[in-house]
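Presented below is the structure to which this report refers.
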């Protein structure tokens with residue numbers, strides 16, 4: 001998915017839920033005295049501009065599917081304006097003057113009058129989904145349902161959506177593909193896959209979450225007259241632009257030396273999981289840390305030494321199972337006292353003695369700390385203890401690890417933005433819920449949705465790379481939330497760089513490592 005709204009000065013783009021869009025729309029009418037019909041007309045005309053920029057309109061046969069609500073009213077405007085630009089438009093509308101809103105009814109009357117006077121427009125009151133099969137088209141405009149859609153579709157919308165989904169012609173969705181939940185990104189079974197979605201005022205959260213990226217196609221934002229202040233006020237979350245990442249990534253001074261560039265201490269690895277230690281420590285270096293120390297069990301030392309010659313390995317006492325022993329606490333704590341950032345968890349294992357060590361480190365280490373992977377087992381079912389930590393904390397769980405933290409195997413958040421916001425505030429931590437895309441919440445209630453998911457990253461070890469990248473950025477003094485967001489973008493850009501060289505499949509986590517600094521230089525150059 002690509003988006004093309006105008007970039008704001010701070011480089012953060014607002015994401016709107018259904019409730020947020022309604023609030024912005026209502027505030028524009030009530031507080032700014034902009035009539036609803038003006039907003040509808042502006043939205044429809046802006047949508048046609050976006051359509052005409054991508055498809056040949058003059059002489060094209062266009063079928064517009066218009067629902068009963070305001071989204072259908074936008075579709076009626078689109079049908080009228082497309083006809084004025086030379087298209088042959090057939091509008092299948094569910095709207096009637098008796099049932100539609102005043103603005104939609106007014107546009108229905110206007111389009112019907114135009115149809116009476118022009119052979120370019122046909123208005124078909126719709127009561128049978130099978131009629132759609134008689135409407136071959138070069139372009140289909142889906143204006144059936146907007147931000148109010150949730151749950152399964154009902155007839156006749158269901159039949160119309162199924163018909164649109166079977167067409168070989170491009171499908172343009174108005175605001176959202178019909179049946180896509182604007183807040184959660186959940187799509188109904190018959191939601192048609194759009195080639196282009198023209199969304200209004202700001203990107204809807206559902207376009208970047210859940211099924212949204214699979215059904216939305218290219219996404220462009222059309223201005224409809226809602227003031228930016230209202231969009232910002234109503235935003236539930238934001239996404240970061242490349243310019244924002246470039247402005248926030250740390251840069252080394254000309255007189256930098258290894259310790260001024262930051263020291264990351266990584267408490268990682270075990271006799272059975274040496275790869276996690278190798279990947280996470282290498283990523284901390286590639287993210288820019290000047291010195292990286294691996295506190296790892298004695299049985300993992302040789303592997304980490306051989307694979308990462310730059311990493312300073314501090315081998316520590318271990319349990320019979322090859323994991324860090326409680327006896328390692330003093331040595332690890334001494335290392336952590338001189339660190340600029342600490343990473344705990346990757347490949348540690350789940351021995352009771354090791355988990356006791358993790359709990360002590362989280363409570364006692366004063367440097368910013370990243371907790372990942374097996375580290376979450378130390379707080380399984382007792383995650384509120386994380387809130388007792390006074391120093392900065394970054395949590396990087398995937399959904400299964402979040403379930404482990406909550407002690408709820410069945411937990412499956414419908415609204416990921418609000419879930420991440422609530423838990424980040426509750427635990428006083430930066431929470432990175434990994435997924436496609438990942439979502440970052442902060443202790444003060446802000447939420448940033450990461451870049452679109454890259455399927456290539458769905459491979460073992462990429463979580464270790466992410467955790468190490470966050471630690472490396474923290475070691476250089478980056479704010480914890482900014483470090484999390486920048487790390488997500490660096491990982492995505494590194495995956496893109498690999499795909500350009502090798503194609504879409506076959507990436508392994510270590511392929512990302514040397515591409516992280518390349519991505520920082522090429523994708524996110526210094527402003």
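Based on the Cα coordinates of region 320-414, what is the per residue volume of their convex hull in Å³?
Value for region 320-414: 95 Å³ per residue.
Quote the relative contact order of region 262-522 in percent (integer), defining contacts as alpha-carbon pairs under 8 Å separated by 6+ residues. Don't jump to the answer; show the numbers that get you there.
Working: 604 pairs, mean separation 51.6, N = 261.
So the answer I get is 20 percent.
Report, as a whole number in µm² per second, the diffusion coefficient that Stokes-Einstein gives for region 262-522 at 25 °C and 0.890 mPa s using the Kirkwood radius over alpha carbon pairs.
138 µm²/s
Kindly provide the helix-only [θ] at 222 nm of the chain, computed as the sum of -39,500 (n - 2.57) over DSSP H runs of four or more divided by all residues, to the nearest 500 deg cm²/dmol?
Calculated from helices alone, the mean residue ellipticity at 222 nm is -11500 deg cm²/dmol.
With only alpha-carbon pairs counted, each pair once and no self-pairs, how large is the Kirkwood hydrodynamic radius of region 80-193 in angstroms?
14.8 Å
If you wrap region 304-361's Cα atoms in a convex hull and average its projection over all directions, what's the area in nm²?
Values: hull surface 17.2 nm².
Approximately 4.3 nm², given one-decimal rounding.
Determine the relative contact order of the chain: mean sequence separation of Cα pairs under 8 Å and six or more apart, normalised by residue count, in whole percent. Let's see the in-between values first.
Details: 1232 pairs, mean separation 67.3, N = 527.
Computed over the chain, the figure is 13 percent.
Please state, rounded to one decimal and in Å, the Kirkwood hydrodynamic radius that region 411-527 gives when every pair of distinct Cα atoms enters the mean of 1/r.
14.7 Å
Which FRET efficiency value, to the nearest 0.05, is calculated for residue 233 and residue 508 with the Förster distance at 51 angstrom and r the Cβ-Cβ distance? Intermediate values should be presented prior to the final figure.
Working: r = 44 Å, r/R0 = 0.87.
For R0 = 51 Å, the calculated efficiency reads 0.70.
Taking a spot 7 Å from the Cα of residue 391 along the direction of its beta carbon, which residues of region 237-266 have an amide N less than 14 Å from it?
In region 237-266, the label zone of residue 391 (backbone N under 14 Å from the point 7 Å along Cα→Cβ) covers 263-266.
From the Cα trace of region 22-76, what convex hull volume per residue do you get, rounded to a whole Å³?
Output value, Cα hull per residue: 91 Å³.
Given Cα pairs under 8 Å that are at least 6 residues apart, what percent is the relative contact order of region 12-235?
24 percent.
Could you quote the convex hull projected area for region 267-385, Cα atoms only and averaged over all directions, in nm²? Don't skip to the end; give the middle numbers.
On the way: hull surface 25.8 nm².
Projected over every direction and averaged, the Cα hull of region 267-385 covers 6.5 nm².
Across bins of 10 angstrom width beginning at 0, how are the C-alpha pair distances of region 1-113 distributed, in whole percent?
P(r) for region 1-113, in whole percents per bin: 13, 37, 35, 14, 1.
In the chain, what percentage of the DSSP-assigned beta bridges are antiparallel, given to the nearest 5?
20 percent
As an exercise, use a Förster radius of 30 Å and the Cβ-Cβ distance of residue 52 and residue 98 to find the FRET efficiency, rounded to the nearest 0.05. Walk me through the numbers on the way to the answer.
Working: r = 33 Å, r/R0 = 1.11.
Here the calculated transfer efficiency is 0.35.
Evaluated at 20 °C with a viscosity of 1.002 mPa s, what Stokes-Einstein diffusion coefficient in µm²/s does region 426-474 have when Rh comes from the Kirkwood expression over alpha-carbon pairs?
Translational D for this selection: 181 µm²/s.
Per-residue counts of other Cβ atoms within 10 Å, averaged by peptide: what ranking do you get for 282-293, 364-375, highest first?
282-293, 364-375
Between region 354-427 and region 282-308, what's the alpha-carbon centroid distance in Å?
24 Å
Okay, which of region 454-490 sit inside 11 Å, backbone N to the point 7 Å along the Cα-Cβ direction of residue 496?
Answer for this model: 489-490.
If you average 1/r across every pair of different Cα atoms in region 459-527 and take the reciprocal, what Kirkwood value do you get, in Å?
Working: mean 1/r = 0.0818 Å⁻¹.
Across region 459-527, the inverse of the average 1/r is 12.2 Å.
Report, in cubic angstrom per residue, the convex hull volume of the C-alpha atoms of region 68-108.
In region 68-108, the Cα convex hull volume per residue is 51 Å³.
What FRET efficiency comes out for the pair residue 193/residue 412, r = Cβ-Cβ distance, R0 = 25 Å, nearest 0.05?
Result of the calculation: an efficiency of 0.55.
Expressed in nm², what is the orientationally averaged projection area of the convex hull enclosing the Cα positions of region 12-235?
Details: hull surface 44.0 nm².
In nm², the orientation-averaged hull projection of region 12-235 is 11.0.
Residue 526 label point, 7 Å along Cα→Cβ, cut-off 14 Å on backbone N: hits in region 224-256?
Zone members listed by number: 246-256.
Give the distance, in whole Å, between the Cα centre of region 471-524 and the Cα centre of region 67-106.
46 Å
If you count the DSSP beta bridges with both ends in region 262-522, what percent of them are antiparallel, to the nearest 5?
Close to 25 percent.
Given N residues in the chain, what is Rg(Cα) / (2.2 N^0.38 Å)?
With N residues counted in the chain, Rg over 2.2 N^0.38 Å equals 1.11.
Each value in this text was obtained by applying a stated rule to the coordinates, not by laboratory testing. Nothing here was measured: the structure is a model prediction, and the numbers come from that model. Every residue, glycine as well, gets a Cβ built from its backbone with ideal geometry; the counts of neighbours run over all protein chains shown.
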